[in-house]
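Comments concern the structure below.
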Amino acid sequence: DLFEARDAGRIAPFRRLVIETTGIAEPLPLLATLHQNPLALARLNKPEIVTVLDGVLGEATLGAHREAQEQIVHADKIVISKSDLIEPPARARLADLVAAQNPWATLHEADLTQGAPARIFETTPSQRPEALAERWAAPFEPGQPHSHSHSDVQSFALTLQHPLDWTGFGVFMTLLLHRHGNNVLRVKGLLAVEGLPGPTLFQCAQHLVHPPHHMEAWPSDARTTRLVFIARGLDPATIKKALLAFDHAARVAPERLEHYLPAGGGGSIAGRPVKRPTAPRWIKA
């Protein structure tokens, strides 16, 4: 309705849309809608999530409410409010907690007596693929789980020296998200894919997988796969072991994975035809 009114000249032109949700909203359904809606894809840039965290009550809120964890994990920018009421040690502890659950978000402090910082709503050029590649290629120090009830949310990084087989990685991620999608809160990283000159930018939020972006050149000399996971209750060693297993299987016996890729008729069970699963669109990108 807004775009129709703008195009017809009934309202003034606008460059930015701000959608304010309730305090207990889960951001992923709205993100999925914007990600899949043709009008949003045609007219809007990648949406950004701004999460406001109460500086005084934030630590307790994260411990008591899963929705608060989801908002922090999916945020691009995090605003810590009431910064004038927080002592420096408490402010540092809260910042460390936020960084442990979301290492990519930018932190801002807001003092209501001074007004909200204008830069919070500035367009971020760092969302371009080239800028993302430079940021994701930088060293990453995984956050430590916190000691309260939200300690099962943690971030960890996987680094692989050899190029990945794209089919093996695709099947691995598909099955991981099918089995643990609700607990794989976010994944971002650079993939060294066999046969490609540059890295592939990959990111997903639970079951929502963004289209991969294949780049022509690496941002640095370190041409290694670097994946950062934010997950709930998953063992990093098991995730890495599974990834390596699927990658190895795709190399030594690719025919074992072929039945995951094409759609169409498969075998039969009790005389009934069974279709082979269709590969997600992002694998074919």
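For the reader, a short list of remarks on this structure follows.
- Residue within the stretch 179-196 that is part of a helix (DSSP H, G or I), of a type outside the set (Ser, Thr, Tyr) and surrounded by fewer than 19 Cβ atoms within 10 Å (Cβ to Cβ) present: yes
- Matching residues, the stretch 220-249, being touching a helix residue (DSSP H, G or I) at 6+ places or on another chain (Cβ under 6 Å) and either β-branched (Val, Ile, Thr) or at pLDDT below 80 (or both): Ile230
- Being part of a strand (DSSP E or B) and either surrounded by fewer than 20 Cβ atoms within 10 Å (Cβ to Cβ) or within 21 Å of the chain's Cα centre (by Cα) (or both) is a description that applies to Ile230.
- Any hit, the stretch 216-225, residues being of a type in the set (Val, Ile, Thr), buried (at least 19 other Cβ atoms within 10 Å of the Cβ) and under 20 Å from Leu31 (Cβ atoms): no
- Count of the stretch 26-43 residues which are among the hydrophobic types (A, V, I, L, M, F, W, C) and either in contact with a helix residue (DSSP H, G or I) (Cβ under 6 Å, 6 or more places away or on another chain) or closer than 25 Å to Asp111 by Cβ (or both): 2
- Check on Lys46, modelled with pLDDT of 85 or more, touching a helix residue (DSSP H, G or I) at 6+ places or on another chain (Cβ under 8 Å) and closer than 29 Å to Pro211 by Cα: no
- Of all residues in the stretch 51-69, those that are open to solvent by less than 40 Å² (accessible area, probe 1.4 Å) have Cβ atoms under 8 Å from Cβ atoms of residues that are among the acidic types (Asp, Glu), 6 or more apart or on another chain, in Gly55/Glu109.
- Identity of the residue in the stretch 34-43, among the hydrophobic types (A, V, I, L, M, F, W, C) and either part of a loop (DSSP other than H, G, I, E, B) or open to solvent by 80 Å² or more (accessible area, probe 1.4 Å) (or both), that ends up nearest to Asn182 (Cα to Cα): Leu41
- Pairs with Cβ under 8 Å, 6+ apart, first in the stretch 236-252 and free of Cβ contacts under 8 Å to residues at least 40 places away in the same chain, second polar (S, T, N, Q): none
- In the stretch 80-112, of all residues being outside any helix (DSSP H, G or I) and within 16 Å of Pro27 (Cα to Cα), the one that is least open to solvent (accessible area, probe 1.4 Å) corresponds to Asn102.
- In the stretch 1-33, the residues that are open to solvent by 60 Å² or more (accessible area, probe 1.4 Å), closer than 16 Å to Arg43 by Cβ and part of a helix (DSSP H, G or I): Leu2, Glu4, Arg6, Asp7, Thr33
- Residues located in the stretch 151-162, provided they are in contact with a strand residue (DSSP E or B) (Cβ under 6 Å, 6 or more places away or on another chain) and either crowded, with 21+ Cβ neighbours inside 10 Å or not hydrophobic (A, V, I, L, M, F, W, C) (or both): Asp152, Val153, Ser155, Thr159
- Taking every residue in the stretch 24-35 that is within 17 Å of Arg186 (Cα to Cα) and pairing it with any residue that is charged (D, E, K, R) and part of a helix (DSSP H, G or I), at least 6 positions away or on another chain, the pairs with Cβ-Cβ distances below 6 Å are Glu26/Glu67; Glu26/Glu70.
- Glu48 in a loop (DSSP other than H, G, I, E, B) and open to solvent by less than 70 Å² (accessible area, probe 1.4 Å): yes
The values are calculated or read from the model by the stated rules, or taken from the named source; none is laboratory data. Since this is a predicted model, take the numbers as computed values, not measurements. So basically every Cβ, Gly included, is an ideal-geometry build from the backbone, and we count neighbours across all protein chains shown. Calculation scope for accessible area: heavy atoms of the full protein, side chains included, ligands and nucleic acids excluded. Shrake-Rupley method; radii C 1.70, N 1.55, O 1.52, S 1.80 Å.
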